[in-house]
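For reference, the structure is listed below as structure tokens.
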Amino acid sequence: MEIWTWGYFPFSMGGSVHRPIKCAVSEDHLSGPCDIGQGYQAYIVTSPAHLTYVVEASTGALIGPTMEDVRHDIEYGNPEFMAQQMIESAKNLTKAQLLSFDEFWEKDRNAR
């Protein structure tokens, strides 16, 4: 499975310091899939630092720190907005820069 998030690239000239990054994740770093509500599924991925993150199953997007947080967001979220986010997330996965598993976590802006 490929996962993606917004990577942090300091000192980028002429643009954002954040851009989509992705990596391949082996089964030994994933658990799931689990139901997160509204018909969505997710996995838990474990980083090299043994931190866990929730990954949306169809797009591979990192969507939150815990299943509890994500389920709360899904329960109270706007269905139309979430559907649009799924479309945007799938696009970001296709244009994301491919990194190794370890490089991915070094650049992940949320893992800091």
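Overview of values
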read-out	value
The chain: most fluctuating residue of TYR43, TYR76, TYR53 per GNM, C-alpha cutoff 10 Å	TYR76
Most mobile listed residue (ASP73, ASP28, ASP102) in the chain, GNM with C-alpha springs under 10 Å	ASP28
Cα-based helix-to-principal-axis angle, 67-76 vs the chain, degrees rounded to 10	70 degrees
Highest-fluctuation residue, GLY64, GLY77, GLY32 considered, GNM on the chain with Cα pairs under 10 Å	GLY77
Nearest-ten-degree value, helix 79-95 long axis tilted from longest Cα axis of the chain	30 degrees
Antiparallel DSSP beta bridges within the chain, as percent of all bridges there, nearest 5	85 percent
Global form of the chain, assessed from the alpha-carbon gyration tensor, a/c cut-off 1.5	oblate
Length gained when the stretch GLN97-ALA83 is fully extended (0.36 nm per residue, less Cα-Cα span)	2.7 nm
Percentage relative contact order, region 2-111, counting C-alpha pairs under 8 Å, at least six apart	32 percent
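Here, each number is a calculation from the coordinates, and none is a lab measurement. Since the structure is predicted, the reported quantities are computational estimates derived from the model, not experimental observations.
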